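Please read the structure below before turning to the comments.
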Amino acid sequence: MATNDNNKFQAVIAHAKEYGFVFPSSEIYDGLSAVYDYGPWGSELKKNIRDYWWKSMTQLHENIVGIDAAIFMHPTTWKASGHVDNFSDPMIDNKDSKKRYRVDHLIEAHAETLSGEAAAALLASMDRLLSVDDFAGLKKLIEDNKIKCAISGTGNWTDIRQFNLMFKTEFGAVASENEGDNMVYLRPETAQGIFVNFLNVQKTARMKIPFGIAQTGKAFRNEIVARQFIFRMREFEQMEMQFFVRPGTEGEWYKYWKQARLQWHLSLGMPAEKYRYHDHVKLAHYAKEACDIEFEFPIGFKEVEGIHSRSDYDLSQHQLYSKKKLQYYDNDIDEATGKPYGNYVPYVVETSIGLDRMFLSVLSHAYEEETIPREDGSSDSRTVLRIPAKIAPVKLAILPLTKKDGLPEIARDIMRSCQDEFYCFYEEKDTIGKRYRRMDAIGTPLCITVDHQTKEDNTVTIRYRDTMTQERLPIDKVVALVKEKIR
């Protein structure tokens, strides 16, 4: 049974700001709704997750290569992809408050106030109506359940209609007399940059099907109801891989990537019971099969990654609109005919993970408020982020016990010997206990303390974040030990 712990979620949000992980964007001007900035430790953690994904896709797969496509694309791209006509969500307005809601979010929020069976029945009805685009039925469902606007407190609703989520802007410095001539979109996903470069990549990287193209980058969606901290933002980052396969083999590759992607999440040390699959009831216009990998956040199970069997929809559409052939010549022999498979438009299996959501899953799972018993019978407390060591923002803190007696100089020498290998942090202010607590709060897995014994025998005290145990270690063993722990 999924839990919903809003108190913990709010604590994670407060912790993220206080300790330099995530800030509201342009906060001195009262911020901008659903837009956030990543602070010193947030940007490091985000980078480490991105790098871990990139390595798992490209370095560890000889048949997957990466690209970095532009955010701006020719506007016909989005007509061909179906985003102009289909990339929209059902919306409803409250006539009294003038506030607009995404229909599924409005109903889901009401379901959270109901008992288990009643909530499940309501959500099942919603899914059924959404699957057939029954907007009249959805409005009746809202009215029958007496769902009210959170601001006005009334149920005075407009009809439901679709709202396109793409941001538009003008391209170029000269205004056009014809409205829309210079209009371009901020990309709502990174996948299309991969599809339009399919042949460029296949030929230059000498790729043979099956092969994949990976990309990370910013995407933009004009979410009307953006909420739940960085879970749903208007500017966000995706990590996507499109895997091109021979038609007829997409089913087995879909199953392969469905399993492989869950194993990637578990490879970070996240517990298996925190994850589940959710098969799509209503498929997107391009999909043959689709599922989400959901993670149990403090606010319940939510999507972090999608795996989609996209058929040949995307390449065929771009071939149609561009009038350029996007086909692959397969010279492998078809056992059924004894001849080469020849030219065809490949099918695609997609894996698409939200980097910001992955960041939030790591942060919310790592966050813990811990009570520590003392020998005299009293207790202490600490807030710790048990971030997996391999992606922790700071791998090692180097802390001289005092600011005198040559200890800072020794600590600085150790710092210099480690900096080429991993991210370190140096601090000499406050008591050693307070410094340990600060390192616990940003998820640093290891701390070493340089003390007076160091001057005598060239050893330091190493402290482990998760157990708070300590041991002496020769200085020349520090780098090897840290590298072993963060593998």
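Laboratory data are not the source of any read-out in this text; all were calculated from the coordinates shown. What you see is a predicted model; the values in this text were computed from it and never measured. Cβ placement follows ideal geometry from the backbone for every residue including glycine, while neighbour counts extend to all protein chains displayed.
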- Nearest 10, in degrees from 0 to 90: the angle of helix 407-419 to the longest Cα principal axis of the chain is 30
- Where in the stretch 286-356 are there GluC sites (Glu not before Pro) that are in a DSSP coil and have at most 10 other Cβ atoms within 10 angstrom of their Cβ? Glu335
- Query: Expressed as an acute angle from 0 to 90° and rounded to the nearest 10, what is the orientation of the C-alpha long axis of helix 432-442 relative to the principal long axis of the chain?
  - Reply: 10
- Message: What percent of all Cα-Cα pairs in the stretch 58-158 falls into each 10 Å bin, going from 0 up to the bin containing the maximum distance?
- Response: 13, 32, 22, 17, 13, 3
- In degrees, nearest 10, the alpha-carbon axis of helix 40-54 is tilted away from the dominant principal axis of the alpha carbons of the chain by 60
- Any chance you could list the semi-axes, whole Å, largest first, of the equivalent ellipsoid that the Cα gyration tensor gives for the chain, using √(5λ)? 44, 32, 22
- Message: How charged is the neighbourhood of Val35? Take every other residue with its Cβ under 11 Å from the Cβ of Val35, and add Lys/Arg as +1 and Asp/Glu as -1.
- Response: -3
- Item | Interchain or long-range residues, amide H under 5 Å from Tyr341's placed H | Asp332, Asp334
- Note on the structure: Here the net charge surrounding Val281, from other residues whose Cβ is less than 9 Å away from its Cβ (Lys, Arg +1; Asp, Glu -1), is 0
- Query: Based on the Kirkwood radius over alpha-carbon pairs, what is the Stokes-Einstein translational diffusion coefficient of the stretch 213-257 at 10 °C with 1.306 mPa s viscosity, in µm²/s?
  - Reply: 121
- Hand me the GluC sites (Glu not before Pro) from the stretch 1-68 located in a DSSP loop with no more than 10 other Cβ atoms within 10 Å, in residue order please. Glu62
- Rounded, prolate or oblate (a/c below 1.5 giving rounded, otherwise prolate when a/b exceeds b/c) for the stretch 396-487 by Cα gyration tensor: rounded
- Query: Taking one equal scatterer on every alpha-carbon of the stretch 1-54, how large is log10 of I(q)/I(0) by Debye at q = 0.14, 0.18 1/Å?
  - Reply: -0.49, -0.73
- Note on the structure: In cubic angstrom per residue, the convex hull of the stretch 1-94 built on its Cα atoms measures 270
- Message: For Lys140, give me every one of the aspartates and glutamates with a C-alpha distance below 12 angstrom, ignoring sequence neighbours fewer than eight places off in its own chain.
- Response: Asp159
- Residues with amide H under 5 Å from that of Ile299, placed H, sequence gap 5 or more: Asp5
- Using the structure shown, select from Lys47/Lys282; Lys168/Lys258; Lys146/Lys258; Lys404/Lys434; Lys208/Lys390; Lys258/Lys477 the pairs with a Cα to Cα distance greater than 30 angstrom. Lys47/Lys282; Lys168/Lys258; Lys146/Lys258; Lys208/Lys390; Lys258/Lys477
- Separation of the Lys218 and Trp264 label points, Cα + 7 Å toward Cβ, nm: 2.3
- Note on the structure: Shape call for the stretch 342-460, from the Cα gyration tensor axes a ≥ b ≥ c (a/c under 1.5 means rounded, otherwise prolate when a/b beats b/c, else oblate), comes out oblate
- Around Leu123, with a cut-off of 12 angstrom between Cβ atoms, what is the net charge of the other residues, counting Lys and Arg +1 and Asp and Glu -1? -4
